Amino acid sequence: MSIHKQRSRFNVPRSTSNPEPGTWNIERGTWNLEPGTWNPELGTRNGRKSLGLSLIELVVFIVVVSAAVAGVLGALNMATRASADPMIQKQALAIAEAVLEEVQLMPFTYCDPDDPQAETALDSSVGATGCTEAAAVELIGAEGTAPYGPETRVSGTTPFDNGNDYHGYSMSGITNIEGAGITGLGDYKAEVTVAAQAVGAIPASDAQLITVTVTWPAAGTAQYTVLLQGYRVRYAPNALP
């Protein structure tokens, strides 16, 4: 009489090329599954080798790499812009200092220097101790009519001859005192305002606040602005240019 022993599901050969599905694989420590079924422990389909990347893995990889590249490019862009910023700021500051110095070095007389009494005037009155006529009295702003005007910064006949003449002056593209453009400074704009303002015990009639504003670029919305201020007092009212 033959005795058939019930085969245990764990009693399987240690090595077999075609393991019976549903039995325990001692070598792998996993269940033998039907070929082609998903093995949750291995994350692959049974009987098949994982080749390449899945679609989800590929999408995740693309997203991660894209984010990394965007971050690197952003950092490079900021570094490139920042490297140019100091040059623009330094040039704008140099322009403001030059224009402010130009205004401060101009005479601050009671009368227009073309007035015969400009060298002897003691005040801004009209008469023997002042100017010869009302049109010759120096006021804030350039003279606009003959014989003392019209005044401009680069005029060969009636140029600015007092610091207050620069009030309201503006140039888009920096030029020298002769009106020639300065190389590399064509994209800057400079504006000047002059206002009577007391300084300590010095009355407003004998002191001026000069404000120079330089912007870049000259056209469109300004991205960089430098504002510089300085004072000019009437310490030599009869000094002519």
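The values are calculated or read from the model by the stated rules, or taken from the named source; none is laboratory data. A quick note: this is a predicted structure, and the numbers were derived from the prediction, not measured. Every residue, glycine among them, receives a Cβ derived from its backbone with ideal geometry; neighbour counts consider all protein chains shown. With ligands, DNA and RNA removed, areas are computed over all heavy atoms of the protein, side chains included. Shrake-Rupley method; radii C 1.70, N 1.55, O 1.52, S 1.80 Å.
For region 186-224, name all the residues that are part of a strand (DSSP E or B), polar (S, T, N, Q) and without any contact (Cβ under 8 Å) to a residue 60 or more places away in the chain.
Passing the criteria: T193, T211.
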Residues that are under 24 Å from the mean Cα position of the chain (by Cα), of a type in the set (A, V, I, L, M, F, W, C) and open to solvent by 20 Å² or more (accessible area, probe 1.4 Å): does region 143-155 have at least one?
no
Selected residue (criterion: nearest to R234 (Cα to Cα)) from residues of region 128-137 that are assigned to a loop (DSSP other than H, G, I, E, B) and either touching a His at 6+ places or on another chain (Cβ under 6 Å) or open to solvent by 20 Å² or more (accessible area, probe 1.4 Å) (or both):
T129
Before we move on, is T183 assigned to a loop (DSSP other than H, G, I, E, B), without any contact (Cβ under 8 Å) to a residue 24 or more places away in the chain and either farther than 22 Å from L122 by Cβ or open to solvent by 60 Å² or more (accessible area, probe 1.4 Å) (or both)?
yes
Among residues of region 84-112 being in contact with a Lys or Arg (Cβ under 8 Å, 6 or more places away or on another chain) and assigned to a helix (DSSP H, G or I), the residue most open to solvent (accessible area, probe 1.4 Å) is Q104
Members of region 225-241 that are assigned to a strand (DSSP E or B), open to solvent by 30 Å² or more (accessible area, probe 1.4 Å) and of a type outside the set (A, V, I, L, M):
T225, Q229, Y231
Matching residues, region 156-175, being assigned to a loop (DSSP other than H, G, I, E, B), open to solvent by 20 Å² or more (accessible area, probe 1.4 Å) and within 15 Å of L100 (Cβ to Cβ):
F160, H167, Y169
If I filter region 116-125 for residues that are surrounded by 14 or more Cβ atoms within 10 Å (Cβ to Cβ) and farther than 13 Å from P237 by Cβ, do I get at least one hit?
no
On the basis of being surrounded by 13 or more Cβ atoms within 10 Å (Cβ to Cβ), over 23 Å from L240 (Cβ atoms) and touching a Phe, Trp or Tyr at 6+ places or on another chain (Cβ under 9 Å), does V214 make the cut?
yes
